[in-house]
1. Here are some pairs, A:K12/A:K124; A:K28/B:K45; A:K124/B:K45; which of them have Cα atoms lying more than 27 Å apart in this structure?
2. Near B:K129, which lysines are there with a Cα under 17 Å away, not counting those fewer than 8 places off in the same chain?
3. Specify the angular offset, from 0 to 90 degrees and rounded to the nearest 10, of the alpha carbon long axis of helix A:28-38 from the longest principal axis of the alpha carbons in chain A.
4. What percent do you get for the relative contact order of chain B when only Cα pairs under 8 Å and 6+ apart count?
5. Within 10 Å of each Cβ of A:57-69, how many other protein chain Cβ atoms are there on average?
6. About its Cα centre, how strong a charge dipole does chain A have in debye, to the nearest 20, once Lys and Arg get +1 and Asp and Glu get -1 at the Cβ?
7. Using the Cβ atoms and a cut-off under 10 Å, what net charge is assigned to the surroundings of B:L98, where Lys and Arg are +1 and Asp and Glu are -1?
8. What fraction of the Cα pairs in chain A, stated in percent, has a spacing above 23 angstrom?
Amino acid sequence: MAENPLSIDGMKAKIGEEGEPRVYEIEKGMILRFVQAIDDPNPLWQDEEYARKSQYGGIIAPPTLIPIIGFERILQQVSQSIPQGTLLHGATELECYQPVRPGESVTVTTKIANIRERQGKMGKMTFITFENTYKNQRQELVARCRQMVIGY
Amino acid sequence: MTEQLYYEDVAVGSEIPPLVKQPTTRQLVMWAGASGDYNPIHYDKDLAQSRGLPGVIVPGQLAGSFLGQLITGWIGEKGRLRKLSCSYKGMNLPGEALTCGGRVSQKYIEQGEHCVECNLWVENEKGEKTVTGMATVVLPPRGSAAS
């Protein structure tokens with residue numbers, strides 16, 4: 001993703017273009033903070049002994065952790081394009097292929113899939129859909145996720 | 001944890017036992033730190049109100065993660081979540097009870113995998129569905145994984 005702020009028109013010119021991949025280290029503490037924030041007691045995410053006996057052989061991250069990996073870059077990009085604007089989240093579509101485990105590194109690649117603008121109650125609203133691809137350190141496809149963010 | 005759910009246990013129309021969540025402002029702060037989503041409408045009430053919002057609002061992905069909790073808890077350790085989509089249609093306010101629910105819409109076997117599709121929702125105290133979603137899960141069939 002471009003590090004320089006882009007206008008909405010600048011973002012439109014980048015539709016379909018893959019941004020710079022970024023690597024995220026998945027740590028046990030990160031998973032624990034995430035499940036504590038949701039208040040999800042599922043032992044697969046936090047009980048090493050239980051998880052060891054499961055089909056996964058150890059703790060895995062809950063699937064909804066994946067869409068937040070790198071999401072802050074999306075928000076940052078949109079907020080720079082709409083200075084002083086308000087951002088809302090419109091939708092998330094997640095497809096999971098592999099579990100994510102502590103100790104793994106996940107590479108996220110983002111592209112803008114589509115931008116729509118329309119007049120709403122709050123003035124001009126911009127709907128931006130991002131497509132993220134997540135790969136693990138073995139270059140296996142872990143997940144794909146589409147995120148739609150609304151700025152006005 | 002709860003008992004394992006099997007493909008044969010569900011029928012089209014089966015309801016997922018609902019999960020009630022009541023996010024507090026503290027939980028919103030925990031979520032911001034854990035997710036890295038520092039959109040100020042989720043923690044700065046003055047700013048949120050100056051933007052025409054009723055107050056700080058529950059992040060869509062936190063509500064979506066409640067649906068994730070619902071579905072992964074339901075399918076059990078041997079079930080697998082393959083797809084989860086969420087549309088954040090309305091605003092949820094901290095302090096409100098949110099009821100997460102779902103219903104089986106389809107079941108089929110595809111390439112040897114036992115798939116179940118569900119419609120999901122988050123409903124506020126007024127009975128409004130503020131998040132709607134869909135999930136595809138793969139469940140174990142009875143008898144195959146006896147070990």
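Read the figures in this text as sums done on the coordinates, not as results from a lab. Predicted model, so just to flag it, every value in this text is computed and none were measured. Note that each Cβ is placed from the backbone with ideal geometry, even for glycine, and that neighbours are counted across all protein chains shown.
1. Flagged as over cut-off: A:K28/B:K45.
2. B:K21, B:K89
3. Roughly 70 degrees, rounded to the nearest 10.
4. Details: 289 pairs, mean separation 45.0, N = 147.
Answer for chain B is 31 percent.
5. Details: counts 0, 0, 0, 0, 0, 5, 10, 14, 5, 2, 7, 10, 2.
The shielding value for this peptide is 4.
6. On the way: 18 positive and 19 negative charges, 90 e Å.
With Lys and Arg at +1 and Asp and Glu at -1, about 440 debye.
7. On the way: positive: B:K21; negative: B:E96, B:E123, B:E125.
Value of the local net charge: -2.
8. Numbers: 4822 of 11476 pairs.
The calculated P(r) of chain A puts 42 percent of pairs beyond 23 Å.
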